[in-house]
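Q: First the structure, then my questions, so here it is.
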Amino acid sequence: METTKLPSAMDIIKKYDGPAIRIMEVCGTHTHEIFRLGIRQILPPQIELISGPGCPVCVTPVGYIDEAVYLALQCGVTICTFGDLVRVPGSAASLAVARSRGARIQVVYSPMDAYDYAATHRDEQVVFLSVGFETTTPASCLAVKKAVRQGLDNFSILTANKTMPQAYEVLKGSADAFLYPGHVQAVMGTAICEKLLKDGISGVVAGFTAKELMTALAVIMVKFSQGKPFFKNCYPRVVTPQGSRTGQAVMEQVMRPCASEWRGLGEIPASGLALRPAYNAYDARLKYTVPEMHGHGNPACRCGDVLQGKCRPSDCPVFAKGCSPEHPVGACMVSHEGACSAYYLYGGMLHE
Ligand code: SF4
């Protein structure tokens, strides 16, 4: 019996002659991997990849950096943070500048590292900078729960945790299809993607290997050409429809939805997570009565437009001129998930 050989993702991509498609890489890791793997170079010219707001450091607003600097310099606490945040410019200073002025800034790799630091430095007040999406938020919740269990009273967190569904709503119309972030959907499942499909929003969940990314892009090309909204989970080895019940449960137990400020997108109702009142003692804003800070970024920086897919990093007037990974002007050039740093590192590969 003869079998029909299905075309490979590479065949579909190389032979694509359908309509133009704008695809938003919601996740910064997708942006970097697509560049790093050279996938942009094999895409037909009518496929445009645009960056989205899926880099947690990039969407954290300037005012949050100001709050952290305030805690470090005015309140004398030890800041435990992921390394990227240290170099993000605040209104007047970054945490790196604060460190040069005597602040204690400790780089950690997880919220539990920050917990451990607090547990072994009981003479210091320790604040963990809790930023990130549904992927990393459960770990912050677990660190707070452990602090409660152990009666660790020199540990608190400064929340800027965010959730993606409300951002998708804001981004409606900015792309023909979303490349949904595999890590976030692994925790949250695919219900939001199905809901967006009912609203006419197309997208596919993508993994991170070359094969997974090319499959996801090929599926978008095939489905988009059929002219109807679509959703496909192209990362089924990790993403299930229901997601991680454990991760969802711990977030639900420890945090509540709140309005949140996104760099570039502004304040989005119910798009953030704050600690529930039962955990007020571990909320650094309350513990240290942090004043409200609005933050002012460098006016030349177009991170806000980059994060909404309204311009490419290379359209920013200071890209690779005043702004580079060594001397970042905005957050998108600092983070290893940022679109500007991806364009800077791999820009020579662009077919422009
Ligand atoms: S190149 Fe620098 S200044 Fe321009 S948008 Fe990117 S991070 Fe901001």
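Bear in mind that the values in this text are calculations on the coordinates, not laboratory data. Computed from a predicted model, the values in this text were never measured in an experiment. Every residue, glycine among them, receives a Cβ derived from its backbone with ideal geometry; neighbour counts consider all protein chains shown.
Q: When the Kirkwood hydrodynamic radius is evaluated over all pairs of different C-alpha atoms of segment 226-334, what value in angstrom, to one decimal, is obtained?
A: 18.0 Å
Q: Report D for segment 83-218 in µm² per second (integer): Stokes-Einstein, Kirkwood Rh on Cα pairs, 20 °C, 1.002 mPa s.
A: Calculated translational D: 122 µm²/s.
Q: If you wrap a convex hull around the C-alpha atoms of segment 1-89 and split its volume per residue, what is the figure in Å³?
A: 144 Å³
Q: Given segment 237-276, what whole percent of its Cα pairs are spread farther than 14 Å?
A: 58 percent
Q: Which of V254, V62, V126 moves the most in a Gaussian network model of the chain with Cα springs under 10 Å?
A: V254
Q: Over segment 128-184, with a single point scatterer placed on each C-alpha, what log10 of the ratio I(q)/I(0) does the Debye formula yield at q = 0.15, 0.17 1/Å?
A: Taking Cα atoms of segment 128-184 as identical point scatterers yields -0.56, -0.66.
Q: A further question follows. Using alpha-carbon pairs under 8 Å, 6+ residues apart, how would you state the relative contact order of segment 127-235 in percent?
A: Computed over segment 127-235, the figure is 24 percent.
Q: What chymotrypsin sites (Phe, Trp or Tyr not before Pro) does segment 267-345 have in DSSP loop regions with at most 16 other beta carbons within 10 Å?
A: Counting only loop positions with at most 16 other Cβ atoms within 10 Å, none of the chymotrypsin sites (Phe, Trp or Tyr not before Pro) in segment 267-345 qualifies.
Q: In percent, what relative contact order does segment 4-89 have, based on Cα pairs under 8 Å that are 6 or more apart in sequence? Mind dumping the intermediate values first?
A: On the way: 61 pairs, mean separation 23.7, N = 86.
That works out to 28 percent.
Q: Counting each DSSP H run of 4 or more residues in the chain as -39500 (n - 2.57), what helix-only mean residue ellipticity at 222 nm follows after dividing by all residues, to the nearest 500 deg cm²/dmol?
A: -10500 deg cm²/dmol
Q: If the cut-off is 15 Å between C-alpha atoms, which aspartates and glutamates fall inside it for K195, apart from same-chain ones fewer than 8 positions away?
A: Reachable aspartates and glutamates: E169.
Q: May I ask for the net charge around C141, where only other residues with Cβ less than 12 Å from the Cβ of C141 are counted and Lys, Arg are +1 while Asp, Glu are -1?
A: Value of the local net charge: +2.
Q: Given the pairs K287/K321; K146/K232; K211/K321; K172/K287; K211/K310, which span a C-alpha to C-alpha distance of over 30 angstrom in this model?
A: Over 30 Å apart, Cα to Cα: K287/K321; K146/K232; K211/K321; K172/K287.
Q: If you don't mind, another one. Which value results when the Cα radius of gyration for the chain is divided by 2.2 N^0.38 Å?
A: Against the empirical 2.2 N^0.38 Å value, I get 1.02 for the chain.
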